[in-house]
Amino acid sequence: MENSEKTEVVLLACGSFNPITNMHLRLFELAKDYMNGTGKYRVIKGVISPVGDAYKKKGLISAHHRVIMAELATKNSEWVEVDTWESLQKDWVETLKVLRHHQEKLEASSCDHQQDSPRLERPGRKRKWAEQRQDFGQKELLEPKTKDVPKVKLLCGADLLESFGVPNLWKSEDITRIVGDYGLICITRAGNDAEKFIYESDALWKHRNNIHLVNEWITNDISSTKIRRALRRGQSIRYLVPDLVREYIEKHDLYSPESEERNVGVVLAPLQKNTAEANS
């Protein structure tokens, strides 16, 4: 299939990135290889969107530091970048709204590009029919075809997929819109039964063709939680996170027993909001 016939895709990863790890970066590479390998898609960009401080997750350090670490981690990447919009919002932003924001950005960018494209004048009325037909054919060849807007898809691990089953963590209508309107690319870890979870969910089963499960054959169990634990214990995290990230953490002494106590006892923002709406 020619590139012009493939659907262009932007991979969007939302999350704490507290801190970003080599595993986070591997998710993008695994997803890109899989999607490009289907022959139906062409991944053109990856976007990391750290959550804002209002998420109120236990041990969540300032978004300022988390964004900088993500930028350092992707400094040498040719296709993965960091977007700060979500992290700068005063209130917690639902994942569906973040997806919509990025899709609308792509649509606006595509519209601007089309407006800037040169167009040929229509043939004058006095031309003969044969000349008009010839000119029309040439015009079709010369005029740029309207290009489809790239599609944003949510990149995640199996833990996020399974979190759809946690009461009040997600709105059911948001789950339906995320998988139905955008789609998921889910990297599965050893021990996760993502297929069974999809089977047991009516909403996910309905849109199962828009959920791409990617097997991680070279297993990697690095997690931000384990990184923070190692740091609290004074253990090395070299080769678990990019060197620039490790140096930044050490320079600013970011993770400690004290930092892990941030937001202790505070209800997670989505649980607080969705529970309140359910009870109203």
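The values are calculated or read from the model by the stated rules, or taken from the named source; none is laboratory data. Values in this document were obtained by computation on a predicted structure and should not be read as measured data. Note that we place each Cβ from the backbone using ideal geometry, even for glycine, and neighbour counts take in every protein chain shown. The protein model used for the area step is the full one, side chains on, heavy atoms only, and it has no ligands, DNA or RNA in it. Shrake-Rupley method; radii C 1.70, N 1.55, O 1.52, S 1.80 Å.
State whether one or more residues within the stretch 113-135 are touching a helix residue (DSSP H, G or I) at 6+ places or on another chain (Cβ under 9 Å), surrounded by 13 or more Cβ atoms within 10 Å (Cβ to Cβ), modelled with pLDDT of 50 or more and in a helix (DSSP H, G or I).
No, every residue in the stretch 113-135 fails to be touching a helix residue (DSSP H, G or I) at 6+ places or on another chain (Cβ under 9 Å), surrounded by 13 or more Cβ atoms within 10 Å (Cβ to Cβ), modelled with pLDDT of 50 or more and in a helix (DSSP H, G or I).
Looking at Ala54, Ala63, which is the one that is under 21 Å from Glu261 (Cβ atoms) and surrounded by fewer than 21 Cβ atoms within 10 Å (Cβ to Cβ)? Steps first, answer last, please.
On the way: Ala63 fails: surrounded by fewer than 21 Cβ atoms within 10 Å (Cβ to Cβ).
Of the residues listed, the single one that is under 21 Å from Glu261 (Cβ atoms) and surrounded by fewer than 21 Cβ atoms within 10 Å (Cβ to Cβ) is Ala54.
Would you please list the contacts, defined by Cβ atoms under 8 Å and residues six or more apart or on different chains, that run from a residue in the stretch 58-82 that is under 15 Å from Val245 (Cβ atoms) to a residue that is surrounded by fewer than 17 Cβ atoms within 10 Å (Cβ to Cβ) and β-branched (Val, Ile, Thr)?
Val67/Thr84
Please go through the stretch 7-24 and pick out each residue that is touching a helix residue (DSSP H, G or I) at 6+ places or on another chain (Cβ under 7 Å), surrounded by fewer than 22 Cβ atoms within 10 Å (Cβ to Cβ) and not in a strand (DSSP E or B).
Of everything in the stretch 7-24, just one residue is touching a helix residue (DSSP H, G or I) at 6+ places or on another chain (Cβ under 7 Å), surrounded by fewer than 22 Cβ atoms within 10 Å (Cβ to Cβ) and not in a strand (DSSP E or B), namely Ser16.
Select from the stretch 165-207 the residues that are of a type in the set (S, T, N, Q) and more than 29 Å from Asn279 (Cβ to Cβ) and write down the one among them that is modelled with the highest pLDDT. Lay out the reasoning, then the answer.
First, the residues of the stretch 165-207 that are of a type in the set (S, T, N, Q): 168, 172, 176, 188, 192, 201.
So of that shortlist, the ones also more than 29 Å from Asn279 (Cβ to Cβ) come out as 188, 192.
Values: Thr188: 90, Asn192: 70.
Among those that are of a type in the set (S, T, N, Q) and more than 29 Å from Asn279 (Cβ to Cβ), it is Thr188.
Do you know which residues across the stretch 25-51 are without any contact (Cβ under 8 Å) to a residue 60 or more places away in the chain, small (Gly, Ala, Ser) and open to solvent by less than 60 Å² (accessible area, probe 1.4 Å)?
Gly39, Ser49, listed by residue number.
Could we say that Ala276 is closer than 17 Å to Lys56 by Cα, of a type outside the set (Ser, Thr, Tyr) and modelled with pLDDT under 95 here? Reasoning before the result, please.
Numbers: closer than 17 Å to Lys56 by Cα: yes; of a type outside the set (Ser, Thr, Tyr): yes; modelled with pLDDT under 95: yes.
When the stated conditions are applied, Ala276 passes them.
For the stretch 66-79, how many residues meet the condition of being of a type outside the set (Gly, Ala, Ser) and either open to solvent by 80 Å² or more (accessible area, probe 1.4 Å) or within 18 Å of Leu160 (Cβ to Cβ) (or both)? Steps first, please.
Filtering the stretch 66-79 for residues of a type outside the set (Gly, Ala, Ser) gives 66-69, 71-72, 74-76, 78-79.
When the remaining residues are screened for being either open to solvent by 80 Å² or more (accessible area, probe 1.4 Å) or within 18 Å of Leu160 (Cβ to Cβ) (or both), the result is 66, 71, 75-76, 78.
So the count comes out to 5.
Determine whether Asn215 is open to solvent by 50 Å² or more (accessible area, probe 1.4 Å) and farther than 30 Å from Lys153 by Cα.
Values: open to solvent by 50 Å² or more (accessible area, probe 1.4 Å): yes; farther than 30 Å from Lys153 by Cα: no.
Considered against the rule, which asks whether it is open to solvent by 50 Å² or more (accessible area, probe 1.4 Å) and farther than 30 Å from Lys153 by Cα, Asn215 comes out as no.
If the Cβ limit is 9 Å and pairs must be 6+ apart or interchain, which residue in the stretch 255-280 that is free of Cβ contacts under 8 Å to residues at least 12 places away in the same chain pairs with which residue that is loosely packed, with under 12 Cβ neighbours inside 10 Å and among the polar types (S, T, N, Q)?
Going by the 9 Å Cβ cut-off, there are no qualifying pairs.
Six or more apart or on different chains, Cβ under 8 Å: which pairs go from a residue in the stretch 225-249 that's closer than 14 Å to Ala73 by Cβ to one that's of a type in the set (Phe, Trp, Tyr) and outside any helix (DSSP H, G or I)? Could you list them?
Filtered contacts from the stretch 225-249: Ile227/Tyr255; Ile249/Tyr255.
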